[in-house]
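First up is the structure itself, then whatever we jot down about it.
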Amino acid sequence: MNNFNLRIDGSIAFLRIDQPESKVNVLNTETMKELAEVIGKLSEGAYPEVKALAITSSKDGIFIAGADIKEIQHIKSTEEAIEKAEQGKKILQRLADLDILTVAVINGACLGGGFELALACDCRVASFSDTVKIGLPEVKLGVIPGFGGTQRLPRLTGLTNALSLILAGKIVSAKSASRYGIVDKLFPDDKLITDTVEFINEILDGKTKPDKKKKKLLQVFLENTPLGRMLVFSQAKKNVLKQTKGFYPAPIEAIEVLKRTYGGNLKKGFRIESEAFGRLAITDVSKNLIKVFYLLEKFKKFPWTPEDIKPKAVKKCGIVGAGIMGGGIAQLVSYKDILTRVKDIDHDALATALKVAKKLFEGALKKRKLKKHDVEYKFGLISPTLTYDGFKNADIVIEAVVEDLSIKKKVFEEMDKNTSPETYLASNTSALPIKEMANATSRPEKVAGMHFFNPVHRMPLVEVIKAEKTSDETLAAVVNFSRKLGKTVIVVKDVPGFLINRILLAYLNEAGFLAEEGMKIDVIDKIACKFGMPMGPITLIDEVGIDVGYKVAKILEDSYGERMKVCSVLEKVKSKGLLGKKAKLGFYDHKGRRKPNKDIYEIIGNASGDIPGEEEALKRMIYVMVNEAARCLEEGVVDLPETIDIGMVMGTGFPPLGRGF
Ligand SMILES: NC(=O)c1ccc[n+]([C@@H]2O[C@H](COP(=O)([O-])OP(=O)(O)OC[C@H]3O[C@@H](n4cnc5c(N)ncnc54)[C@H](O)[C@@H]3O)[C@@H](O)[C@H]2O)c1
């Protein structure tokens, strides 16, 4: 066998998966075929001494990462998809039917098809290691589990738990998996095999049985009564629609499959699952989500600098400006266990930043992402200051003061004087030239842009800006640091608005022109949301802040001229002193349930033309983005179209649905 190694030790057969020339194990046609052969031999009694089969992996930190996504990507028809799912299920069912004890020994990532294989075993054990990650993330690729996951998981952990795992594609730690009852035992990493052998022998000797978690009373009512189940499914559907706004069919299909199959015949359930998988695997949504998955993988390690440049690690970070962004960055950096010193000129700003950070940490505690002592430790890593005391020790200082070039240049001069010559200096500016800030220092080669998105803890992108004199060493360190913070990185050129804001502002302006022409603001927002944008453009302006949005829009108008002319409605709303959501009034009234500001149409004034139709409005908003993206490519702001794809999806929530008009 190419992918497996079978070793028989007394009454236990160890089957180790180890795909050659690959860091991970995936279930593809070849591995499934070889697995089928081993199972065939075991079921035919080729090894009569064998009483138990332990399936594990030889890869570090990986059990089986899933089914081969390339094979799913290349599926061309529903029939082909159904056939693949049925074939896989047949093999796993033969594993489930073996009359010896079968144990999945999970030493790392156990996802998708890998977890479905583990589910087909009699029991599952895992190591305590952080590398153990278990789940069925198929919905994230626009499909549902196809190797029996929707049938076996609810049988093991109950309907409500299975729904919560499958619908969100949730991936859980070993400990959490144990709480769900989806692993029977946890063992220390270095004793995983020896302890598993002991566990198997105890079962074989009749001394122990795999644990069966007892359902709580409420769970029994919800899962075992028709009324309870009706409640569970309708609540699940409501939650999914709230999350996906109806753009992603996979979780809805998963609910339907479970509704039709829960508590029923396994074989029938398998077929229903395969058919749903077949319908989903050929959709544009699935193909595009798979594309995004590959792009994310690519950009996780994309070499933005020559390979011989080793990035210097950031252990201490300074931040200047403790507003929305500076405060957010401080929280994120400390969350990642990095010492963070944050400076502002305003005592209250520092107090607010700490308050906001504390709230985020407490939220993580509530969600059980952190323990109480973690929260205390991490929060304790942030120290506020009104001076530059302590900045000499920083490996990097990130500037996040107001969007004003003369202020930023002054702050860069200060940062230059108050840090070690080795310290990297970065700006979180939305649109201003990094070059100008770099030239205000004695070390322009150590200056780069590090553009986070709001809210910092949630938005997954950092746009790193390579200015004229930024050295490769600096770039490598900033890219590496951004990745350490858990972000996807794109590197772009130092042009006004860089990549994302340049494209986004064209869209926001176009929305403003539509309002100028008499289209209602909530209608404009609805059109964009119907296309799949996470929020409408006018709502977005209110979220960002009309003052901030206006400043950025002005910078782009000054740089690009007529094409980026700031729409008059933004000028008018700004001149009324409206700030948007932070002051509860902007285009919308944010007091209570959000509604259009009652004076907004008076402020905007009379319609300047015929009101465009919905389709035309949408095309105008999307096409200006496409045009600006094409210009960015042409001008070499980025080298690859994929950089724009991933930047827009991660930075703005642009829907990766492959939708036309
Ligand atoms: N708000 C967003 O959505 C967003 C998103 C990405 C980038 N940005 C950029 O991040 C930067 C900060 O934006 P924000 O929204 O956090 O602004 P903000 O107004 O919330 O915060 C700015 C902070 O800087 C402080 N400050 C001003 N001058 C200072 C100085 N000389 N030294 C130290 N602190 C000083 C202010 O007291 C204030 O607390 C801007 O460049 C902005 O364009 C903002």
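With the requirement that a residue be of a type in the set (A, V, I, L, M) and away from the ligand (no atom under 11 Å from the Cβ), what does the stretch 349-368 give you?
Across the stretch 349-368, the qualifying residues are Leu354, Ala357, Leu360, Ala364, Leu365.
What are the residues in the stretch 372-405 that are within 11 Å of the ligand (Cβ to nearest atom) and open to solvent by 40 Å² or more (accessible area, probe 1.4 Å), if any?
Leu386, Thr387, Val402, Asp404, Leu405
Name the residue that is nearest to the ligand (Cβ to nearest atom), counting only residues in the stretch 318-348 that are crowded, with 20+ Cβ neighbours inside 10 Å and of a type in the set (Gly, Ala, Ser).
Within the stretch 318-348, the match that is nearest to the ligand (Cβ to nearest atom) is Gly321.
Of all residues in the stretch 449-471, how many are within 10 Å of the ligand (Cβ to nearest atom) and either outside any strand (DSSP E or B) or surrounded by fewer than 23 Cβ atoms within 10 Å (Cβ to Cβ) (or both)?
The qualifying residues number 5.
Within the stretch 20-48, take every residue that is among the acidic types (Asp, Glu) and under 37 Å from the mean Cα position of the chain (by Cα) and give me the one that is nearest to Arg94 (Cα to Cα).
Ranking the qualifying residues of the stretch 20-48, first place goes to Glu34.
If Leu485 satisfies all but one of (1) out of contact with any helix residue (DSSP H, G or I) (no Cβ under 7 Å at 6 or more places or on another chain); (2) open to solvent by less than 10 Å² (accessible area, probe 1.4 Å), what's the number of the condition it fails?
(1)
For a quick check of your reading of the model, give me the residue pairs whose first member lies in the stretch 142-170 and is outside the structural domain of Tyr180 (by TED's automatic domain parsing), whose second is of a type in the set (Gly, Ala, Ser) and open to solvent by less than 10 Å² (accessible area, probe 1.4 Å), with beta-carbon atoms closer than 9 Å and at least 6 apart or on different chains.
Cβ pairs passing all conditions: none.
Quick check on Leu475: is it away from the ligand (no atom under 15 Å from the Cβ), part of a helix (DSSP H, G or I) and open to solvent by less than 10 Å² (accessible area, probe 1.4 Å)?
In short, yes.
Yes/no matrix, rows are residues, columns are (1) under 22 Å from Ser274 (Cβ atoms); (2) crowded, with 16+ Cβ neighbours inside 10 Å:
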| position | (1), (2) |
| --- | --- |
| Ala46 | no, no |
| Ala54 | no, yes |
| Ser57 | no, yes |
| Phe63 | no, yes |
| Gly66 | yes, yes |
| Ile72 | yes, yes |
| Glu79 | yes, no |
| Lys84 | yes, yes |
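Does any residue in the stretch 16-36 that is part of a helix (DSSP H, G or I) come within less than 6 Å, Cβ to Cβ, of a residue that is among the aliphatic types (A, V, I, L, M) and open to solvent by 40 Å² or more (accessible area, probe 1.4 Å) six or more places away or on a different chain, and which pairs are these?
Hits for this filter: Glu34/Met1.
Can you tell me which residues in the stretch 542-568 are in contact with a strand residue (DSSP E or B) (Cβ under 9 Å, 6 or more places away or on another chain) and open to solvent by 40 Å² or more (accessible area, probe 1.4 Å)?
Taking the stretch 542-568 and keeping what is in contact with a strand residue (DSSP E or B) (Cβ under 9 Å, 6 or more places away or on another chain), we get 542-549.
Across the stretch 542-568, the qualifying residues are Glu543, Val544, Asp547, Val548.
Tell me the residue from Lys446, Lys408 that is within 15 Å of the ligand (Cβ to nearest atom), in contact with a Ser or Thr (Cβ under 7 Å, 6 or more places away or on another chain) and farther than 15 Å from Lys316 by Cβ, please.
From the options Lys446, Lys408, the qualifying one is Lys408.
Scan the stretch 412-427 for residues that are within 16 Å of the ligand (Cβ to nearest atom), surrounded by fewer than 24 Cβ atoms within 10 Å (Cβ to Cβ) and not in a helix (DSSP H, G or I) and jot them down.
Selection gives Thr419 alone.
Can you name every residue in the stretch 164-181 that is small (Gly, Ala, Ser), surrounded by fewer than 20 Cβ atoms within 10 Å (Cβ to Cβ) and part of a helix (DSSP H, G or I)?
Selection gives Ser164, Ala168, Ser176.
Given the condition in a loop (DSSP other than H, G, I, E, B), at pLDDT 95 or above and not β-branched (Val, Ile, Thr), answer yes or no: does some residue in the stretch 83-98 qualify?
Yes: the stretch 83-98 contains one or more residues that are in a loop (DSSP other than H, G, I, E, B), at pLDDT 95 or above and not β-branched (Val, Ile, Thr).
Okay, residues lined up against (1) of a type in the set (D, E, K, R); (2) touching an Asp or Glu at 6+ places or on another chain (Cβ under 7 Å); (3) in the same structural domain as Thr429 (by TED's automatic domain parsing); (4) free of Cβ contacts under 8 Å to residues at least 40 places away in the same chain:
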residue	(1), (2), (3), (4)
Leu222	no, no, no, no
Leu231	no, no, no, yes
Tyr248	no, no, no, no
Ala254	no, no, no, no
Val257	no, yes, no, no
Gly263	no, no, no, yes
Ala276	no, yes, no, no
Pro306	no, yes, no, no
Lys310	yes, no, no, no
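Please enumerate the residues belonging to the stretch 241-269 that are open to solvent by 10 Å² or more (accessible area, probe 1.4 Å), among the hydrophobic types (A, V, I, L, M, F, W, C) and over 21 Å from Ala120 (Cα atoms).
Leu241, Phe247, Ile252
The values are calculated or read from the model by the stated rules, or taken from the named source; none is laboratory data. Just so it is clear, the model here is predicted, and its values are computed rather than measured. Here Cβ is always computed from backbone atoms with ideal geometry, including for glycine, and neighbour counts include all displayed protein chains. When the accessible area is computed, the model is the full protein with side chains, heavy atoms only, and any ligands, DNA or RNA have been set aside. Shrake-Rupley method; radii C 1.70, N 1.55, O 1.52, S 1.80 Å.
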